1. 7 Å from Cα along Cα→Cβ at both LEU194 and PHE115: what's the point-to-point distance in nm?
2. Measuring from centroid to centroid over Cα atoms, what is the spacing of the range 160-193 and the range 51-68 in Å?
3. Dipole of the chain, Cα-centred, from +1 at each Lys and Arg C-beta and -1 at each Asp and Glu C-beta, to the nearest 20 debye?
4. In degrees, nearest 10, range 0 to 90: what is the angle between the Cα axis of helix 163-172 and the longest Cα principal axis of the chain?
5. Identify all aspartates and glutamates with a Cα-Cα distance to LYS148 below 14 Å; exclude those on the same chain that are fewer than 8 residues away in sequence.
6. Near LEU61, within a Cβ-to-Cβ distance under 13 Å, what is the net charge of the other residues, with Lys and Arg +1 and Asp and Glu -1?
7. How far is helix 137-148 tilted, in degrees, relative to the longest principal axis of the Cα atoms in the chain, given as a value from 0 to 90 rounded to the nearest 10?
8. Please give me the summed charge of the neighbours of VAL72: other residues whose Cβ is under 13 Å from its Cβ, Lys and Arg +1, Asp and Glu -1.
Amino acid sequence: MALTVIEHPLIQHKLSILRDQSTPTKLFKELVDEIAMLMAFEATRDLPLETVEIETPLERLQARRLSGYEPVLVPILRAGLGMVDGIRALVPSARVGHVGLYRDHDTLEPVEYYFKVPSDLAQRDVFVLDPMLATGGSAVDAITQLKKAGAVRIRFLCLVAAPEGVAKLEGAHPDVPIFAAALDRQLNDVGYILPGLGDAGDRLFGTR
Ligand code: PRP
Ligand code: URA
């Protein structure tokens, strides 16, 4: 399934501020939310609609609204949490599941530590959130867990993707569309994205 890089000028402008190492934690969090919200506008473009009859102050109307079960946002802990509020501002009815993973520093392999999602995943559109798609190990593992739990319609949203991560995710889950604000050049030898924005979790939560 295709990678979509969302080139909107507002996203690119905000992403540049986000990448700047002098951007403080508070602004970093605000920008992650804002970019996630703008990306969600594109990533939700094909959500199903149904027709309902409503009454305007002037006449009756066949209007359209989102149909079916509420979508689910699934942030990959920790850094994915930073994208939730922005998207929920746009889709307030969305449910939120959580997948806890961290990368082992030596092997770069994901280590699972938490999994809690709605039970009726098969009926819902699932949006997996993580600012960084680096080696792709975390995204592939999270999506594998979600499919085992019943998810069928899954999209992956990240802010910065590395070509290595995109290739790995497309190879493992070709049915999952990937949305990114940027496709960067490469990974360095310890699995960080270049030019990237550093450690997204540390910058969001002020740890280091
Ligand atoms: C970061 C990031 C992704 C993962 C990406 O999380 O938020 O989850 O690395 O790397 P990958 O594509 O090579 O798997 P990290 O493991 O640092 O955990 P954290 O969010 O708790 O800081
Ligand atoms: N995780 C991050 O937070 N940043 C990277 O560049 C790679 C993985």
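Where a number appears in this text, it was derived from the coordinates with a stated rule and is not lab data. What you see is a predicted model; the values in this text were computed from it and never measured. No Cβ is skipped: glycine too gets one built from the backbone with ideal geometry, and neighbour counts run over all protein chains shown.
1. Output for this residue pair reads 3.5 nm.
2. 41
3. 240
4. 60
5. Reachable aspartates and glutamates: ASP120.
6. Net of charged neighbours comes to 0.
7. Around 40 degrees separate the two axes.
8. +3
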